[in-house]
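Participant: Got a structure for you, written out below as structure tokens; questions coming shortly.
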Amino acid sequence: MNERNGGTPEDEPREARHGGKAQVPDAGTGTGTGRHDGRGETEEERADRRWQELLQEIRVAQTGVQILLGFLLTVVFTPLFHDLEQTDKTIYLVTVVLGSLATGALIGPVSFHRIVSGRRVKPQAVVWASRLTFTGILLLLATLTAALFLILRVATHDPYVPWLVSGVLAWYLICWFALPLWVRTHYADRS
């Protein structure tokens with residue numbers, strides 16, 4: 001463990017974690033593909049690590065959006081669907097489209113990786129896959145909000161539904177964006 005900065009074993013150079021001799025970072029010349037960053041990783045090692053981290057994040061989001069979309073797709077085949085008001089049917093259609101877009105964005109990095117694999121563009125692939133993942137998370141947020149709004153609207157017909165959904169949306173925004181951004185600004189390495 002890197003005790004100097006309180007980091008985790010992942011913060012150590014790869015060779016040090018595996019019992020080998022740690023690499024010494026370059027003097028910052030910025031030349032060649034063997035350039036090191038602040039963790040003692042080459043650009044390729046950093047891209048490999050970031051890709052693995054991204055895959056773990058995508059697994060969580062993909063599972064949730066696929067289950068949600070699966071349930072949404074079955075609603076249209078229930079007898080209750082045909083009794084819904086046109087406004088509720090419109091909300092449902094928007095929700096299904098949002099869920100489909102979220103699914104596409106969150107599965108996109110897998111396809112992206114397959115297509116560019118072996119082309120020596122992993123650092124760029126990680127950047128684009130990360131952008132797709134973030135887009136998918138935003139679309140998932142919209143899908144969850146719309147689905148909750150539709151369900152509560154159909155289930156209760158109460159005027160407080162928009163307020164309740166707004167409260168849940170605020171909770172999502174705090175958990176998914178505000179708290180991580182706060183931690184990022186308050187605990188990021190300021191060197």
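Coordinate-derived values only; no laboratory data. Just so you know, these numbers come straight off a predicted model, no measurement behind them. We place every Cβ from the backbone using ideal geometry, glycine too, and count neighbours over all the protein chains shown.
Participant: Under a plain spin-label model, where a point goes 7 Å from the Cα along Cα-to-Cβ, how far apart in nm are GLN56 and SER100?
Facilitator: About 3.4 nm separates the two model spin labels.
Participant: Determine the sum of side-chain charges near LEU54: Lys and Arg each +1, Asp and Glu each -1, restricted to other residues whose C-beta is under 13 angstrom from that of LEU54.
Facilitator: Summing Lys and Arg as +1 and Asp and Glu as -1 gives +3.
Participant: Given labels modelled 7 Å from the Cα in the Cβ direction, how far is it in nm from ARG114 to LEU179?
Facilitator: Using points 7 Å along Cα→Cβ, the separation is 3.5 nm.
Participant: Let me check I've understood the local charge: for GLY108, count other residues with C-beta under 15 angstrom from its C-beta, Lys and Arg +1, Asp and Glu -1. What total comes out?
Facilitator: +2
Participant: Still on this structure, I have one more. Could you sort the peptides 44-51, 93-100 by per-residue average Cβ neighbour count (10 Å cutoff), highest mean leading?
Facilitator: The peptides rank, most packed first, as 93-100, 44-51.
Participant: On to the next question. Highest mean first, what order results for 150-160, 126-136, 71-81 on Cβ atoms within 10 Å?
Facilitator: The peptides rank, most packed first, as 126-136, 150-160, 71-81.
Participant: Counting only other residues whose beta carbon sits under 13 Å from that of VAL75, what net charge do I get with K and R as +1, D and E as -1?
Facilitator: That sum, taken over residues with Cβ under 13 Å, equals -1.
Participant: Same structure again: Work out from phi, with θ = phi - 60° and the Karplus expression 6.51 cos²θ - 1.76 cosθ + 1.60, the ³J(HN,Hα) of each residue of region 41-58, listed in order in whole Hz, and give x for Gly and Pro.
Facilitator: 9, 6, 4, 5, 5, 5, 4, 4, 5, 5, 5, 5, 4, 5, 4, 5, 5, 5
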